Amino acid sequence: MARTRIFVPRETAAVSVGADEVAIEIARQAKQRGDSIQLIRNGSWGATWLEPLVEVGVEDKRIAYGNVEAADVAALFAADFLKGGDHARRIGPTIEIPYLIRQDRWTFWRCGLIEPLSLDDFLAHQGFTALQKAFDIGADAVIEAVKASGLRGRGGAGFPTGIKWRTVADTDSDQKYVACNADEGDSGTFSDRILMEGDPFGLIESMALAGFAVGASRGYIYLRSEYPLARSILTRAIETAREAGWLGRDIRGSGFDFDIELHLGAGSYVCGEETAMLESLEGKQGIVRYKPPLPAIEGLFGKPTVVNTVVTLASVPNIVNLGGDKYAGYGVNRSTGTLAFQLAGNVRRGGLVEKGFGLTVRELIEDWGGGTASGRPVKAVQVGGPLGAYLTAAQLDTPLDYEAFTGIGAMIGHGGIVVFDDTVNMARQARFAMEFCALESCGKCTPCRIGSTRGVEVIDRMIAGIDREENYDLLVELCDTMEGASLCAMGGMTPYPVRSVLKYFAEDFSAAAETDV
Ligand SMILES: Cc1cc2nc3c(=O)[nH]c(=O)nc-3n(C[C@H](O)[C@H](O)[C@H](O)COP(=O)(O)O)c2cc1C
Ligand code: SF4
């Protein structure tokens, strides 16, 4: 008799709310009852608010049970959940969950669906088809497809990926590199992690594709140390791919050599900045480099290097498989394709939502997120990490489009969306922005190194009610200096959240005096 397949995610968020205990309890009870099951530790679908999301394979469907606790398992067996039986935790078929089916799953389509460390499962779900197609159509055609897709870097700056790859490809060198930025340091972001934990071979294929397109034979993944599970999954996936001939010399007889090394960061935010990351990869202190030269011309060890974030790279296999035009069909204006938005903070249904650009922040927060977790009104939303501006409730109808965000002094960045209700004090958030910069500054340039520390002091005086108007002017001047004279976006963009607080939430400075630090 065929064993019933039960899926329990092995993904950091799911594990943090008890997925491992649920998996152990399911295995224990099945054994005790003599039920024949196959327990599969899949990745997450990204509906984090439903974790641990347990699925049972019934005929050709997967029936989902949400927020399952180990204590529920006996009752689930009693309710005949191996046949999809009814229970308070039962949601229904996974493919009918509105949160999931209303998305545009281009990059994350395998996450949750497959068993991350099964190469067979990956191959059965179009694994390595894009790389094989690339061997047939050639490197130029790959770069042209990426250019036609309009794909822009998803790590923050939104630089066109095709142009970056073309620059590396056209630069003569005996050695080139692909450096995958998996530092994912922005607050409220977790899309890279969900992809690495849920589809590690997908990232390996993506990096090999990038290497093939630009003529690089070595790739590095710069992974933040706070992701131990992603580390162990990637380590095993790299070994498996190597053993099966998908990494290494002469990949599957193509004549193309490519291998990947995993490198752990040490908890520095600024090491996510691409040149600081390259310094760190070279074994040096993570201090930002002057640009030019661009990493595409002189990057890792002085050689031409593609630096892309995980999600940018992982968007490419389907661009090769399905065509750049198809990808460009999603989105609006110059923001083509999809982005994996991440809903976090004070929101009822936190998680990942991959959707074509153009929907509004309000749609994301209300339609997917279900509003605030506290049920109180939204007061502010920070999009794009700690360097992103705070949007007011009145700005939530801004479409998620790079240029529309630039137009209101904000940025989309890595797509992290952190929601705050009306109990937040925004003066404290402005202080936090400056304090964060002071803590994380690499120290290379004065406006950021000294300016952020002075910024904290000025804000403290404003909160304390000391010469509030003069200090307001001083803070604006300091923001001008940091924005105009910092060497990188760390010091250059810290003024964004601060200015948005000054502009829209100035009254919170007097209220802050009454709140705890
Ligand atoms: C202070 C700072 C931190 C950054 N942190 C990250 C990060 O954690 N992950 C990331 O992919 N990009 C980060 N970036 C952006 C990178 O410098 C770079 O633009 C990106 O890795 C390029 O890849 P993409 O074109 O695919 O976006 C950061 C930039 C700055 C200024
Ligand atoms: S802006 Fe800050 S992080 Fe960037 S180079 Fe200057 S000191 Fe370093």
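Evaluate E = 1/(1 + (r/R0)^6) for PHE159 and ALA124, where r is the Cβ-Cβ distance and R0 equals 41 Å; express this FRET efficiency to the nearest 0.05.
Working: r = 35 Å, r/R0 = 0.84.
Between PHE159 and ALA124 the formula returns 0.75.
Mean projection of the alpha-carbon convex hull of segment 81-133 over all orientations, in nm²?
Values: hull surface 21.2 nm².
Mean orientational projected area (segment 81-133, Cα hull): 5.3 nm².
Between ALA296 and residues 5 or more places away or on another chain, which pairs have amide H atoms under 5 Å apart, with H built 1.01 Å from N, and which residues are they?
Correct list: THR305.
For ALA2 and ASN67 in the same chain, what is the full-extension length gain: residue separation times 0.36 nm, less their Cα-Cα distance, in nm?
Roughly 20.7 nm would be gained on extension.
Kindly state, to the nearest 0.05, the FRET efficiency for HIS87 paired with ARG242, given R0 = 41 Å and r defined as their beta-carbon distance.
0.45
What is the sum of charges, Lys and Arg at +1 and Asp and Glu at -1, for the other residues whose Cβ falls under 13 Å from the Cβ of MET426?
+1
Please tell me which of these pairs span more than 26 angstrom C-alpha to C-alpha: LYS291/LYS503; LYS164/LYS303; LYS176/LYS284? Let's see the in-between values first.
Numbers: LYS291/LYS503 32 Å; LYS164/LYS303 14 Å; LYS176/LYS284 20 Å.
Among LYS291/LYS503; LYS164/LYS303; LYS176/LYS284, the Cα-Cα distance tops 26 Å for LYS291/LYS503.
Which residues' amide hydrogens lie under 5 Å from the amide hydrogen of ARG62, considering only partners 5 or more residues apart or on another chain, with H built in the peptide plane?
Hits under the 5 Å cutoff: THR94, ILE95.
Kindly report the accessible area of segment 320-392 per residue (heavy atoms of protein chains, probe 1.4 Å, no ligands, DNA or RNA), in Å².
On the way: 2330 Å² over 73 residues.
That works out to 32 Å² per residue.
Ordered by residue, what ³J(HN,Hα) values in Hz, to whole numbers, does segment 80-90 give under the Karplus form 6.51 cos²θ - 1.76 cosθ + 1.60, where θ = phi - 60° and Gly and Pro are x?
6, 5, 5, 10, x, x, 6, 6, 4, 7, 6
What is the percent carbon and sulfur in the accessible area of the chain, measuring with a 1.4 Å probe over the protein chains and ignoring ligands?
For the chain, the apolar C and S fraction of the accessible surface comes to 50 percent.
Computed over the Cα atoms of the chain, what is the convex hull's projected area averaged over all directions, in nm²?
That works out to 24.2 nm², a quarter of the Cα hull's surface.
What are the ³J(HN,Hα) couplings of segment 283-293, residue after residue, when phi is run through the Karplus curve with 6.51, -1.76, 1.60 and θ = phi - 60°? Round to Hz, x for glycine and proline.
Here the 3J(HN,Hα) series is x, 9, 5, x, 10, 5, 8, 5, 10, x, x Hz.
Can you give the accessible area of LYS61, probe radius 1.4 Å, in Å² rounded to 10?
Surface open to solvent at LYS61 totals about 80 Å².
Report ³J(HN,Hα) in whole Hz for each residue of segment 492-498, in order, from the Karplus equation J = 6.51 cos²θ - 1.76 cosθ + 1.60 where θ = phi - 60°; Gly and Pro get x.
x, 10, 3, x, 4, x, 5
Whole percent per 10 Å bin, from 0 to the bin with the longest distance: what is P(r) over all C-alpha pairs of segment 334-387?
Taking all Cα pairs of segment 334-387, the binned fractions are 24, 55, 20, 1 percent.
If you average the C-alpha positions of segment 104-118 and of segment 449-496 separately, how far apart do those two centres end up, in angstrom?
With segment 104-118 and segment 449-496 each reduced to a Cα centre, they are spaced 43 Å.
Tell me, rounded to the nearest percent, the portion of alpha carbon pairs in segment 148-203 spaced more than 13 Å apart.
The answer is 71 percent, as a whole percent.
Please give the net charge around MET277, taking every other residue with its beta carbon less than 12 angstrom from that of MET277, where Lys and Arg add +1 and Asp and Glu add -1.
Residues near MET277 contribute -3 overall.
Counting just the Cα atoms, what span does segment 365-496 cover along each of its three principal axes? Round to the nearest Å and put the largest first.
44, 32, 24
Note down the net charge around ASN333, summing +1 for each Lys or Arg and -1 for each Asp or Glu among other residues with Cβ under 10 Å from its Cβ. Show your work: numbers first, answer last.
Numbers: positive: ARG334; negative: ASP401, GLU403.
The answer is -1.
Quick one: if you stick a label point 7 Å off each Cα along the C-beta vector at SER510 and GLN132, how many nm between them?
About 7.0 nm, to one decimal.
Heavy atoms of the protein only, probe of 1.4 Å, neighbouring chains included. What is the accessible area of ASP257 in Å², nearest 10?
Answer for ASP257: close to 60 Å² accessible.
Label-point separation (nm) for ARG468 and ILE101, each offset 7 Å from Cα along Cα-to-Cβ?
Those two pseudo-labels are separated by 5.3 nm.
Find how much the distance from GLU59 to VAL476 grows on full extension, using 0.36 nm per residue of separation minus their present alpha carbon separation; answer in nm with one decimal.
143.8 nm
Taking the alpha carbon gyration tensor of segment 13-124, what are the square roots of 5 times its eigenvalues, largest first, to the nearest whole Å?
22, 16, 14
Report, by chain and number, residues whose modeled amide H sits under 5 Å from the one on MET411, excluding near sequence neighbours (fewer than 5 apart, same chain).
For MET411, the qualifying residues are ALA389.
What share of Cα pairs, in percent, lie more than 25 angstrom apart in segment 312-422?
Percent of Cα pairs beyond 25 Å in segment 312-422: 21.
The values are calculated or read from the model by the stated rules, or taken from the named source; none is laboratory data. Every value quoted in this text rests on a predicted model; they were computed, and no experiment measured them. So basically every Cβ, Gly included, is an ideal-geometry build from the backbone, and we count neighbours across all protein chains shown. For accessibility, only protein heavy atoms count, side chains too; no ligands or nucleic acids. Shrake-Rupley method; radii C 1.70, N 1.55, O 1.52, S 1.80 Å.
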